[in-house]
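The values are calculated or read from the model by the stated rules, or taken from the named source; none is laboratory data. Quick caveat, the model's predicted, so the values are computed rather than measured. So basically every Cβ, Gly included, is an ideal-geometry build from the backbone, and we count neighbours across all protein chains shown. Just so you know, the surface numbers come from the protein's heavy atoms only, side chains and all, with ligands and any DNA or RNA stripped out. Shrake-Rupley method; radii C 1.70, N 1.55, O 1.52, S 1.80 Å.
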Amino acid sequence: MSLVLKDKVAIITGAGQGVGQGIAYALAERGAKVAVTGRTVSKCETTRDEIVRRGGDAIAIECNIHDAAQMALAVDKTVEQWGGINILVNNALSSVFGTLNRVDPELFAKSMNGGPVATLRMMQLCYPHLKKAGGSIINLGSTATKRWDMTGYGTYAADKAAIQALTRAAASEWGVDNIRANLILPHATSPGLQGWIDANPEEAAAFVQSIPMKRIGDCEEDIGRFVAALCSPESSYVSGQSIAVDGAQAYMG
């Protein structure tokens, strides 16, 4: 594997499992130094240890996306360890599902704090470091924003649509600083998706059948490696885009 990200530093939220973990492995595989952050330190340490076992360089940092002080400290620790940040991946999420008459507005407000608000905060914290040497921001969206029937998914989609807007704004405002920002909308075999499958087996079976490739993506091989490619020099002119990594299910037009 070509080490196209050698000497680059990445910080990833929610990297203790699932999609964040897969992205961490893929970035490290291409030479990036990875700050593995998340609410549960033991999970972050597991990801870190596997990266080190494979020959990479990583640190584990506690970071609850609902805690502004922890987020700032995670950025500071990453810069202290390696001198800068070149890649930010906002993967951690805090979402709420349900029909509009049943959703608790307080829980929705909390999910927004852990979604677009946390995404904005991390982008602001990393901005001065990304500006120094140019960098890439990858935010996580969802094809739920493209559902023709939004029943039960309105608050979740609202969360992700806000992140999409912030991503486009970052690309527009910070492009002059040689900072790229893109949004991916993945289908991946994460614990979160597995929980949804277990709770909604019939809907889940129909969901998989609606994917032209008839499978859900692997967190590392399908999602992580695409993110690594998006952060590589070959993608240096790609910014402000929302890209579905979902086996051709969503129509993004």
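Number of Lys-Lys pairs in the stretch 99-172 with C-alpha atoms under 26 Å apart and a separation of 8 or more places or on different chains: 4. Less than 5 angstrom separates the built amide H of D57 from those of V34, all sequence-distant by 5 or more or on a different chain.
Shown for the stretch 1-96: the carbon plus sulfur share of the solvent-accessible area, taken with all protein chains present and a 1.4 angstrom probe, equals 44%. A simple charge model with +1 on the Cβ of Lys and Arg, -1 on the Cβ of Asp and Glu and nothing else charged puts the dipole of the stretch 137-201 at about 140 debye relative to its Cα centre.
Need one word for the stretch 1-87: rounded, prolate or oblate. Basis is the Cα gyration tensor (sqrt eigenvalues a ≥ b ≥ c); a/c below 1.5 gives rounded, then a/b vs b/c decides. Taking the square roots of the gyration eigenvalues as a ≥ b ≥ c, the stretch 1-87 is oblate. Within the chain, the whole DSSP H helices whose Cα atoms reach 24 Å or more along their own axis and whose mean Kyte-Doolittle score is at least -1.0 are 154-174. For the stretch 198-253, the solvent-accessible area of protein heavy atoms averages 58 Å² per residue (probe radius 1.4 Å; ligands and nucleic acids excluded). When peptides 130-140, 233-243, 11-21 are ranked by their average number of other Cβ atoms within 10 Å per residue, the highest-first order is 11-21, 130-140, 233-243.
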